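Notes follow the structure.
The values are calculated or read from the model by the stated rules, or taken from the named source; none is laboratory data. From a predicted model like this one, the values you see are computed outputs, not experimental measurements. Counting neighbours? That spans all protein chains shown, and the Cβs are built from the backbone with ideal geometry, glycine included. Just so you know, the surface numbers come from the protein's heavy atoms only, side chains and all, with ligands and any DNA or RNA stripped out. Shrake-Rupley method; radii C 1.70, N 1.55, O 1.52, S 1.80 Å.
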Amino acid sequence: MRRIFPIFFSKKEKFIGHNPASSIAIIIMLSLGFICVISGLMLYGIDENSGIFAFLYNNYNELKFVKSIHEVSANLLLIVAIIHICGALIDKFIHKNDALNSMITGYKLTKNDESVKANLAQKIFCLVWILAIIAAFLYILNRDNFILKSHALKVDYSSQNAVFAKECGSCHMLYPPFLLPKKSWEIMMANLENHFGDDASIDEEANQNILNFLLANSAQMNSNKTAFNILKYAKNDQNIAITQNEYWIKKHRKIDEKVFLRDDIKSKANCTACHKDIQNGIIQKSLIDYEKIKRF
Ligand code: HEC
Ligand code: HEC
């Protein structure tokens, strides 16, 4: 304890570089940073079907805990960093040590000359790393890099079920079947004569065909983030509107009601006005037209 927290036990001990407490802080910060980055990348795969962990996309229920790891590690990192900075300031202004200066100048106050010089090989090694970091940074700026790249595949509903695409895409966009639970599709398909004020009725055979397709691809049959939450929040099982589902409401509550009535959007149900590729079954934050929501 005495060596780890010398400022609490002794005023005399001096350290040329980092004192033991700050060395420990750095090890903790590096570890937390690593956990934070890995869990963040995992979340990007779990939530957005993108990046190196995109293969985790269809396991939302089993992996949703990763979000807590990410948040806790990020907040702890912040706390340790603040403590570390306070420690450095105490070190400089109360104990009048030189560690903070030496971080900038590279010089440390020692009795004997203990300086070391980098040889040519070490300098080249250092330069290579600096260049590698710059190259990595430039590469990351391109959104299609392997760390962020989307792995979502567009679903072509018209080739999966032509009747569904034709009958259910004639008045409005085609809603991916995983946006509603089985029960909702059953109620909707049993009452197409009175479909949101319209008569959308079709013959018995087409109806059965579409219903089977909707049930086979409903929220229950998918394990991505959206389907999981639609099911979780589907409290009223008589509801047949996606836009009445509590999850939908929660996710869109910050958007002003007036935005949905605008000429280029027209209705809450016109998802495709803001979500590019939603008609192909892809829901990703990177495909949301945020600019459109800001324009009034
Ligand atoms: C005759 C036109 C018409 C046809 C055909 C039609 N719909 Fe609709 N549908 C509507 C209207 C109008 C609404 C309400 C849209 C709004 O609120 O802006 C609607 C809303 C919906 C909604 C709810 C959207 C929301 O508010 O969350 C779903 C889901 C839906 N339709 C599915 C289907 C399916 C599945 C089919 C094929 C069996 C179908 N529709 C065929 C006119 C139609
Ligand atoms: C006016 C534009 C607009 C319309 C129309 C719209 N959305 Fe959204 N949606 C958004 C925005 C913006 C967000 C992101 C909110 C945020 O960043 O937390 C969002 C978020 C979502 C999310 C959550 C994404 C996530 O991973 O957190 C889902 C799911 C979603 N929308 C589905 C739909 C569906 C289905 C429809 C149509 C029935 C629809 N949206 C209509 C703008 C819209």
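How much of the accessible area of region 6-114, in percent, comes from carbon and sulfur atoms when a 1.4 Å probe is used?
Summing carbon and sulfur atoms, their accessible area is 69 percent of the total for region 6-114.
Using +1 on the beta carbon of Lys and Arg, -1 on that of Asp and Glu, and nothing else charged, what's the dipole of region 184-296 about the Cα centre, debye to 20?
I would put it at about 1100 debye.
Taking θ as phi - 60°, what are the ³J(HN,Hα) couplings along region 57-64 by the Karplus curve (6.51, -1.76, 1.60), each to the nearest whole Hz, with x for Gly and Pro?
3, 8, 10, 4, 4, 6, 10, 5
Scan the chain and note any complete DSSP helix (H) whose C-alpha atoms cover at least 27 Å along its axis and whose Kyte-Doolittle average is -1.0 or more.
20-48, 66-93, 120-141
Run through region 161-236 and list the trypsin sites (Lys or Arg not before Pro) located in a DSSP loop whose Cβ has at most 11 other Cβ atoms within 10 Å.
Hits after loop and neighbour filter: 235.
What number comes out for accessible area per residue over the chain if the probe is 1.4 Å? Units Å², please.
67
Pull up the cross-link candidates among the lysines for residue 92, meaning alpha carbon to alpha carbon under 28 Å and not fewer than 8 places away within one chain.
In chain and number order, the partners are 11, 12, 14, 108, 111, 117.
If each of residue 269 and residue 79 carries a label point 7 Å out from its Cα toward its Cβ, how far apart are those two points in nm?
Rounded to a tenth, the inter-label distance reads 4.8 nm.
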